[in-house]
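The values are calculated or read from the model by the stated rules, or taken from the named source; none is laboratory data. Values in this document were obtained by computation on a predicted structure and should not be read as measured data. As a convention, Cβ positions derive from the backbone with ideal geometry for all residues, glycine included, and neighbour counts pool all protein chains shown. Protein only, heavy atoms only, side chains kept; ligands, DNA and RNA dropped before computing areas. Shrake-Rupley method; radii C 1.70, N 1.55, O 1.52, S 1.80 Å.
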Amino acid sequence: MISDPAAPAASPARRVKLAPSLLSCDFTQMGEELGRLADADCPADWAHVDVMDGLFVPNISFGLPILAAARRASPLFMDVHLMIERPERYLRDFAEAGADGLTVHVESTQHIHRAVGMIRELGKRAGVTLNPGTPLEAVRPVLGDVDLVLVMSVNPGFGGQKFIPQSVERVRTLRHWLDELGSEAELEVDGGVTPANARLLADAGATVLVAGSSVFGPDGPHAGLRRLREALA
């Protein structure tokens with residue numbers, strides 16, 4: 001874990017965006033679920049779309065047709081997280097299918113600068129992320145070029161995992177680096193986010209929280225979103 005002793009204990013208050021992960025929604029009612037996210041009295045800000053290829057991560061989720069259907073069903077910002085090998089091959093396809101932002105892993109490509117540049121050329125918000133076991137230094141060379149940095153707080157590939165506590169310090173360090181650069185990039189956290197840790201992550205500097213099972217619970221997404229927003233108050 002990388003720690004910077006000069007990093008502040010907490011960041012100035014920021015409004016935190018909530019980005020429910022569609023991986024946890026009821027796929028038989030995805031359009032209705034997206035409608036509930038946008039129309040709730042405590043609406044989501046983004047929809048998070050996890051794309052897995054069974055190679056970069058040990059699971060297969062969904063791809064272009066599902067993203068296109070989600071785009072037709074919702075006006076929400078489509079935050080697409082590509083957990084796939086050589087994502088450069090598909091950036092244009094996902095952009096055309098409806099992605100508003102595309103996030104790629106530093107481990108998935110030998111040319112992360114090129115991938116970020118391609119996303120920008122497509123007119124989309126460019127994001128970069130890394131696995132929990134990858135040193136934060138791996139993303140530092142592109143921090144000035146991206147619109148979003150995603151901290152994985154679980155090992156990618158499956159929903160419903162437990163939050164890795166050391167992720168809080170990783171968020172705090174990245175916030176310090178982004179502030180040093182004067183960057184306005186979003187700092188996103190994905191994995192095991194609940195009302196119990198949402199405030200802690202926001203205080204560390206996160207500006208977007210991805211939540212799956214915490215939103216799409218047995219009492220529905222309205223209640224899940226409300227609990228998260230109350231925890232952040």
Quiz prompt | Fully extended contour minus Cα-Cα distance, from ARG14 to LEU232, at 0.36 nm per residue | solution = 77.5 nm
Quiz prompt | Solvent-accessible surface ranking, highest first, for LYS162, LYS17 at 1.4 angstrom | solution = LYS162, LYS17
Quiz item: Looking at segment 13-111, what % of its DSSP beta bridges pair antiparallel, to the nearest 5?
Solution: 10 percent
Quiz item: Between segment 198-233 and segment 92-131, what's the alpha-carbon centroid distance in Å?
Solution: 26 Å
Exercise. Give the carbon-plus-sulfur fraction of the accessible surface of segment 104-216 in %, rounded to a whole number; probe 1.4 Å, heavy atoms of protein chains only.
Key: 49 percent
Quiz item: Given a 1.4 Å probe, how much area per residue of the chain is accessible, in Å²?
Solution: 42 Å²
Exercise. Heads up, I need the accessible area for MET152: 1.4 angstrom probe, whole protein in place, Å², nearest 10.
Key: 10 Å²
Quiz item: Which percent, to the nearest 5, of DSSP beta bridges fully inside the chain are antiparallel?
Solution: 5 percent
Practice problem: Report the calculated FRET efficiency for ILE60 and HIS111 (r = Cβ-Cβ distance, R0 = 25 Å), to the nearest 0.05. | Solution: 0.55
Quiz item: What area, in nm² and to one decimal, does the C-alpha convex hull of the chain cast on average over all directions?
Solution: 11.4 nm²
Quiz item: With all protein chains present and a 1.4 Å probe, how do HIS113, HIS105, HIS222 order by accessible area, largest first?
Solution: HIS113, HIS222, HIS105
Quiz prompt | Rounded FRET efficiency, nearest 0.05, which uses the C-beta distance separating ASP93 from SER213 and R0 of 30 Å | solution = 0.55
Quiz item: Once the whole set of protein chains is in place, how much accessible area is left on ILE60, using a 1.4 Å probe, in Å² to the nearest 10?
Solution: 120 Å²
Practice problem: Please work out the ratio of the alpha-carbon Rg of segment 177-233 to 2.2 N^0.38 Å and round it to two decimals. | Solution: 1.24
Quiz item: What is the Cα coordinate range of segment 101-233 on the first, second and third principal axes, sorted by size from largest, in whole angstrom?
Solution: 43, 27, 27
Exercise. Rank these by accessible area, largest first, 1.4 Å probe: ASP79, ASP219.
Key: ASP219, ASP79
Exercise. Work out the P(r) tail for segment 66-132: percent of alpha carbon pairs separated by more than 14 Å, whole number.
Key: 52 percent
Quiz item: In percent, what relative contact order does segment 1-142 have, based on Cα pairs under 8 Å that are 6 or more apart in sequence?
Solution: 18 percent
Practice problem: With an 8 Å cut-off on Cα pairs and a minimum separation of 6 or more residues, tell me the relative contact order of segment 115-233 in percent. | Solution: 21 percent
